[in-house]
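This report concerns only the one structure given below.
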Amino acid sequence: MVWPNEGLTHRPFVAGRRGAVASAHPLASQAGLSMLQQGGNAIDAIVAIAATLNVVEPFMSGAAGVGYMVIRPAGESQPLVLDFIGHAPAGATPDRFQEDGSKDFGILSPLVPGSLAGWLTALERFGSLDRASVFAPAIEFAEHGYPVTIKNHLFMSHTRDRLRRWETSSRSYLLDGETPKPGQLLKQPALAQTFRTIVEGGMDAFYRGPIGAEIARFSRANGGLLTTEELAAFSPTWEEPISTTYRGYTVYCPPLPCSGMQYLETLNLVEGFDMAGKGHNSADYIHTLAEAMKLAVADRTTYAPDPSSPIDKLLSEEYTEQRRKLIDPAQAGYSGGERYTSTKHEAEVLPGTFSALDRESTTHFVAADLAGNTVACTQTLGAVFGSGVVHGNTGLALNNFAHWFDLDPASPNVIAPGKKVEMCLAPSQIWRDGAPFLMVGTPGSFGIMQTTPQMMMNVLDHHYSIQAAIEAPRFRTNNGRELLVEGRVPAEVLDELRQRGHEVQVLDDWTPMVGGGQGILIDPDSGTFSAGADPRRDGYGLAF
């Protein structure tokens, strides 16, 4: 097949015959590719990338975060979902978070860490290399340092003052109390030692051994909620994906309480329109897709937090037809926003403010190999450096996913002991004729569910290369009739959107506020792999 790329990208078309990887940092992508070149498979590569990102993108994700993988083991007829989202601690009741900000950052904000368990569970079931090989790049960069990038510096500067509140955090990520400058080496010896302990002792070392004991000790000593018992009891779960079809392709994502149902519903709604015929990012195209997104987000905030919600009905043709009738081709509709609100009337809803970079702190990465293994992973700490608290001598900043719970008792997503939060992470796989065709995903908090279908449609409707699909200008709905659009969209398009009632806000030409996508496309004719990565972050795709 021919994939338009010329004139649509700043990056070259990256393709290979034997495998590919893409992640948000070149050193992490290099670590993943090296696993494939050593004879490992895509699962080995994805875990090497995950661990290396803990080192070179430490503000986005790590072993003490949470995440999902969508894994297609070679030869299987559909992918599996590995859920490594930690649950709320036993002490996480709404009354514990009455102090302003305590749910958002600090010692009370972590859920039980899940990422390390996810990495090792995937590796033990489907990997082919040993832990020492897979963790070797991460240990090397942690022990000897890696050069801080310009975008590293930007994200790290955003949370410098929060890191300074905790001596363990300042020691781990700041140099003499200041954010490392681009090109400076950041060494993380405590993290290197933690990874060595994991190589030697596996999952038990983290959840039932010295690492977990240190996390619990530090949490207890500083008024936190995590206990050794909760860490010891945690384990990831294997689940069946949910899916829909779009233009003859099958789109898979994790099940509820994953928020991915939102982009499945969005695709269902726009399948009833000739999106390709409207023209890429024309006013009619953006309007139609934005209105579909608003309907889907309303359903997501209502139904996604409850795993027993009727997902089959929500994705059914009958329900889709009903909802599609609500799209007015000439007038922008109103959105209650991306979080649950008990407000019932439009007049009572205050205009929202677009999330700052602090909320866009997640990472997505992918790997595929010649044997037919494909893996898409999204993992996160939540905010930049998560809770902002490195627990003891572990070198690990813990997540702050209590923030994504609500305190309103009427909310289906209200925090409660042992509860799983509605999860905005939503990695995907898209299959054609019973085989993997495309993997694409992004960070971006609840914006993940708006950016992801745009990238998918760039391939499925407009037949862009994976790199062109990721680089194309993006937009995002917000509260009310706010529509946030990257500045590369022509002014005449923006003017027409305003005439339809959209309150257009123009973002920078290239901004991580609309995500940082990574993806792999497998050509159905040749079987070759092409990798795409987002210049809005430090993304790099590699293939061989």
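Meeting the requirement of 2 or more residues that are under 19 Å from M423 (Cα atoms) and among the hydrophobic types (A, V, I, L, M, F, W, C), the strands (runs of 3 or more DSSP E) wholly within region 1-119 are 66-72, 80-84.
Take the conditions out of contact with any Leu (no Cβ under 7 Å at 6 or more places or on another chain), farther than 21 Å from R196 by Cα and open to solvent by less than 30 Å² (accessible area, probe 1.4 Å) and apply them to I49. Does it pass? Criteria not met by I49.
Of the strands (runs of 3 or more DSSP E) lying entirely inside region 446-544, those containing at least 1 residues that are among the aliphatic types (A, V, I, L, M) span 482-486, 503-507, 518-522, 529-533, 540-543. Note on region 517-544: residues that are within 25 Å of T362 (Cβ to Cβ), in contact (Cβ under 8 Å) with a residue 60 or more places away in the chain and touching a helix residue (DSSP H, G or I) at 6+ places or on another chain (Cβ under 9 Å) total 18.
Looking at region 271-288, can you tell me whether even one residue there is at pLDDT below 95 and hydrophobic (A, V, I, L, M, F, W, C)? The answer is no, given that none of the residues of region 271-288 is at pLDDT below 95 and hydrophobic (A, V, I, L, M, F, W, C). When A64, A22, A15, A74 are checked against the criterion of being closer than 25 Å to G532 by Cα, surrounded by 24 or more Cβ atoms within 10 Å (Cβ to Cβ) and not polar (S, T, N, Q), a single residue qualifies: A22. Taking the listed residues T179, T194, the one that is surrounded by fewer than 22 Cβ atoms within 10 Å (Cβ to Cβ) and touching a Phe, Trp or Tyr at 6+ places or on another chain (Cβ under 9 Å) is T179, with no other qualifying.
Within region 105-159, the set of residues being of a type in the set (D, E, K, R) and within 23 Å of R536 (Cα to Cα) comprises K151 only. Condition check for V148 on (1) open to solvent by 10 Å² or more (accessible area, probe 1.4 Å); (2) free of Cβ contacts under 8 Å to residues at least 60 places away in the same chain; (3) not acidic (D, E): one failure, at (1).
Report yes if A356 is of a type in the set (A, V, I, L, M) and modelled with pLDDT of 95 or more, otherwise no. So A356 fails the test. Every condition in (1) at pLDDT 95 or above; (2) on the phi < 0 side of the Ramachandran plot is met by G145 except one, and the failing one is (2).
Can you tell me which residue within region 416-433, out of those that are of a type in the set (D, E, K, R) and out of contact with any His (no Cβ under 8 Å at 6 or more places or on another chain), is surrounded by the most Cβ atoms within 10 Å (Cβ to Cβ)? Across region 416-433, the extreme among qualifying residues is E422.
The values are calculated or read from the model by the stated rules, or taken from the named source; none is laboratory data. Given the structure is predicted, the values throughout are model-derived calculations rather than measurements. Don't worry about glycine lacking a Cβ; one is built from the backbone with ideal geometry, like all the others, and counts go over all protein chains shown. Just so you know, the surface numbers come from the protein's heavy atoms only, side chains and all, with ligands and any DNA or RNA stripped out. Shrake-Rupley method; radii C 1.70, N 1.55, O 1.52, S 1.80 Å.
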